[in-house]
Amino acid sequence: MPEYRTCLLPFLCLSSPLAAQTTEPWQAPTLSITRYDEDWSDLADAEKRGHHWTGPFKYIPIADDIWLSTGTELRLRNENYANNLWGGADAPDDSYLWARAMPYADLHVGAGDGLHARAFVQPVISYAVGVAPAAGPIDQSRVDLLQGFADISLGPVTLRGGRQMLSLGTERLVGTRYGPNTPLAFDGVRSSMALGKGARLDLFALRPVQPGPGSFDDRASSTRTLWGAYATLPELDVYYLGYRNRAARFGGVQGREVRHSVGLRSHGIRGDWHWNVEGVAQFGHYEGQRIAAWTVGTEVGRTLPALPLSPDATLRLNIVSGDRHRDDGTLGTFNALFPKGKYFGELSPVGPTNIISLNPRISAPLGNGFSTSIAAMAYWRYARSDGIYDIPGNLVRAAGTSRARFIGKEAEATLSWQATAELELSTSLSLFAPGAFIRQTGPARTIAMTGFEANFRF
């Protein structure tokens, strides 16, 4: 599922009895990761702005039909590893602190159904302490521009140009990399067309932003390009993604990759049941080889209101292709492009390439803002002749001479507390025990990870 947090501002609950009698109830929008898709225009009503201390920041009137919305995110995250990469990492035992701030300003000109112009700016300040052997740009990008774009809307069509984060569907192929310290953004152009009845079509041509280790040195990639079309319909997404990488690497060989992805996603809720099923086929070419790869991801769950705490039980099954035959002229290794940062959970040493994963999970609200989840994961290689990869697609363990499929098993528990409408505190414990493939190909100790996070957003 997308890495959205449902932090809602309870304006109505914090309003005075008199205000509750004289104004219509209003529900604040859900705070999103990208921030630019939050609609605070209803706070043009000054009385509504007075219902909560953040109201004057979310709608700042400047002139007729000109207003500014502001907000921020302040996050501290501590992660502690023992035996990272089963003891094979450069620093297998590591403990570090991530700190980031992401303020934003969103200027709107125009109102109603007519011409509407907009400018959105969001810097990112990301620092890390204690990362061994050294902090990379994903850990620490110092001060830089995360998002900065302008768009113009006329009726159902919006045209946008500049730097922007992008979240498509459940972020299997294009996500925000929200979990790590430096999120992912893209430079380029995007158009969105509302088609009515909850349907929308997005067209885009973008380059991913490559973060640098210093301030104001993030640049659009000179080797990678993404383009495509994404149609969002009620309970159904249909999309095409084109991708080119002039410095791709598969099987230890660097070359030019052109890959096309065609996907279909069905999702929805029926009573106590919910589902999210997605399939993707990939084709193209890489250094004289044709590409033939695919993935199917399924998620089916049910809320159990008859049980104490009304828990939600979910079962996820993912199958992602790998390269079965090295010398047949066909590359079967799936490329997840730009997936979300914590793909299978808080601890994700393996990513969505050449893998079969099974993941049952139970989550439940505990009351007073507390919630918890318990999950188990098991992982197998799809193709015995291919290795295992991390989330960005880098080879973690080569296949070697091992014929074993089983990578390992994992257990994870999380606890979070929505202390206020703006402040969330969370912690997690994860253990990853190696399977036969890991034991046969290198260090094979059990990975342990604990995480602690404080996130303040409005």
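The values are calculated or read from the model by the stated rules, or taken from the named source; none is laboratory data. Given the structure is predicted, the values throughout are model-derived calculations rather than measurements. Positions of Cβ are generated from backbone atoms using ideal geometry, with glycine treated the same way; all protein chains shown enter the neighbour counts.
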Could you tell me whether segment 357-375 includes any residue that is of a type in the set (S, T, N, Q), over 22 Å from ASP139 (Cβ atoms) and more than 24 Å from the chain's Cα centre (by Cα)? yes
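Conditions (1) crowded, with 16+ Cβ neighbours inside 10 Å; (2) at pLDDT below 95; (3) under 30 Å from GLY88 (Cβ atoms); (4) not hydrophobic (A, V, I, L, M, F, W, C), marked per residue:
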| residue | (1), (2), (3), (4) |
| --- | --- |
| VAL300 | no, no, no, no |
| THR314 | yes, no, no, yes |
| PRO352 | yes, no, yes, yes |
| ILE355 | yes, no, yes, no |
| ARG361 | yes, no, yes, yes |
Over segment 56-89, the set of residues closer than 30 Å to ALA111 by Cα, in a helix (DSSP H, G or I) and either touching a Ser or Thr at 6+ places or on another chain (Cβ under 6 Å) or in contact (Cβ under 8 Å) with a residue 12 or more places away in the chain (or both) is PHE57, LYS58
For segment 234-259, give me each residue that is within 21 Å of the chain's Cα centre (by Cα), assigned to a strand (DSSP E or B) and without any contact (Cβ under 8 Å) to a residue 60 or more places away in the chain. LEU236, VAL238, TYR240, GLY242
Please determine whether any residue of segment 377-397 is farther than 24 Å from GLY251 by Cβ, touching a strand residue (DSSP E or B) at 6+ places or on another chain (Cβ under 9 Å) and not hydroxyl-bearing (Ser, Thr, Tyr). yes
Quick check on segment 77-91. Is at least one of its residues over 30 Å from GLY408 (Cβ atoms) and crowded, with 19+ Cβ neighbours inside 10 Å? no
Taking first residues from segment 431-458 that are touching a residue at least 40 places away in the same chain (Cβ under 8 Å) and second residues anywhere that are crowded, with 20+ Cβ neighbours inside 10 Å and of a type in the set (Lys, Arg), the pairs with Cβ under 6 Å that are 6 or more apart or on different chains are THR441/ARG397
Working only within segment 207-260, note down all residues that are closer than 26 Å to VAL131 by Cα and among the hydroxyl-bearing types (Ser, Thr, Tyr). SER215, SER221
